[in-house]
Amino acid sequence: MANNLLKGKRGIIFGALDDKSLAWKIAERCVEEGAQVTLTNAPVALRFGKINELAEKLNTIVIPADATSLEDIENLFDQSIEHLGGKIDFVLHSIGMSVNVRKKRAYTNLKYEWMNKTLDISAISLHKILQVAYQKDALNDWSSVLALSFLAAQRTFPQYSEMAESKALLESIARSFGYHYGAKRKVRVNIISQSPTKTTAGTGVDSFDTFYNYAEEMSPLGNASAEACADYAVTMFSDLTRYVTMQTLFHDGGFSMMGMSANALK
Ligand SMILES: NC(=O)c1ccc[n+]([C@@H]2O[C@H](COP(=O)([O-])OP(=O)(O)OC[C@H]3O[C@@H](n4cnc5c(N)ncnc54)[C@H](O)[C@@H]3O)[C@@H](O)[C@H]2O)c1
């Protein structure tokens, strides 16, 4: 159901790879709520992903940008402002990749060169995006910036490996930059900590199905779907949540607050 919650707002959506991606669902919901968006992803993802299909559906453009490249991010903001006809009101950071997990290196045997790359892509990229926007003054007052995280930032999930550190850093950047951007322009920066979700990045985690089912059984409401995540993101981009900033918001059916559940014990 659309309520024009984002009518007249302009957004940039990072990270739609295919129709399972959280960013894909969020982009669709934002447009349904009256926003105009540009889409972006790493040049390599444009080759094997389906982002152009989404752009066609949403009647917009794709601007390639490697989220670790300041030059690419600067170009992305310039082109988005030009295409959308004004400064930006919301940004979604939906980016994650672990080189050590992808290459099946154990957490007790990490290759640090790869770990640095993982941290750069999955966490420091949020700082780079915020810093470029801040220096260019590319965001309107009361804009909303969101990134996606997982509970492994606070609790230990062995199979999540170095992504746990990435998420802890990502959440810290949201708090730190949330202060500076809030004080300068009333821009808010938040994190949605989402349930396990069946996407390309999600299913890259070892034993994902077992992990997904465990979270489902532990959560009183069950796992939050990608569609539900999109609904939540819309509220965070809307003017209804203007005083929420620097938060990690758990969108996980209650999973993060559980110790043990009757269903998980069966
Ligand atoms: N799926 C889950 O279980 C789950 C749970 C909690 C949080 N998250 C987080 O949600 C976010 C989105 O992941 P998803 O599950 O939709 O999977 P996804 O694989 O669809 O999205 C990850 C995106 O990151 C992009 N990316 C990778 N390297 C990049 C780079 N250098 N520059 C720009 N983009 C780059 C990929 O191209 C892809 O579009 C990630 O931050 C992920 O950690 C996912």
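The values are calculated or read from the model by the stated rules, or taken from the named source; none is laboratory data. Computed from a predicted structure; not experimentally measured. Cβ sites come from the backbone with ideal geometry, for glycine too, and all protein chains shown count toward neighbours.
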Report task. Would you check if G96 is in contact (Cβ under 8 Å) with a residue 24 or more places away in the chain, in contact with a strand residue (DSSP E or B) (Cβ under 7 Å, 6 or more places away or on another chain) and not in a helix (DSSP H, G or I)? Result -> no
Report summary line: Those residues of segment 174-194 which are outside any strand (DSSP E or B) and either among the hydroxyl-bearing types (S, T, Y) or near the ligand (Cβ under 7 Å from one of its atoms) (or both) amount to S176, Y179, Y181
Query raised in the report: Going through segment 61-85 one residue at a time, which ones are surrounded by 15 or more Cβ atoms within 10 Å (Cβ to Cβ), of a type outside the set (D, E) and farther than 12 Å from L39 by Cα?
Result: A67, T68, S69, I73, N75, I81
Report task. Please work out which one of (1) more than 13 Å from the ligand (Cβ to nearest atom); (2) in contact with a helix residue (DSSP H, G or I) (Cβ under 6 Å, 6 or more places away or on another chain) is the condition L169 fails and give its number. Result -> (1)
**Report entry** Condition met for V132 (surrounded by 16 or more Cβ atoms within 10 Å (Cβ to Cβ), under 14 Å from the mean Cα position of the chain (by Cα), within 16 Å of the ligand (Cβ to nearest atom) and within 16 Å of K87 (Cβ to Cβ))
**Finding:** no
Query raised in the report: How many residues does segment 91-117 hold that are within 25 Å of I129 (Cα to Cα) and more than 16 Å from the ligand (Cβ to nearest atom)?
Result: 1
Query - Condition broken by P43, with the remaining ones in (1) buried (at least 16 other Cβ atoms within 10 Å of the Cβ); (2) over 15 Å from the mean Cα position of the chain (by Cα) satisfied - result: (1)
Query raised in the report: Got a sec? Which helices (runs of 4 or more DSSP H) wholly within segment 195-266 have at least 3 residues that are buried (at least 16 other Cβ atoms within 10 Å of the Cβ) and under 14 Å from the mean Cα position of the chain (by Cα)?
Result: 226-237
Query raised in the report: Looking at segment 229-266, which of its residues are basic (K, R) and modelled with pLDDT under 95?
Result: K266
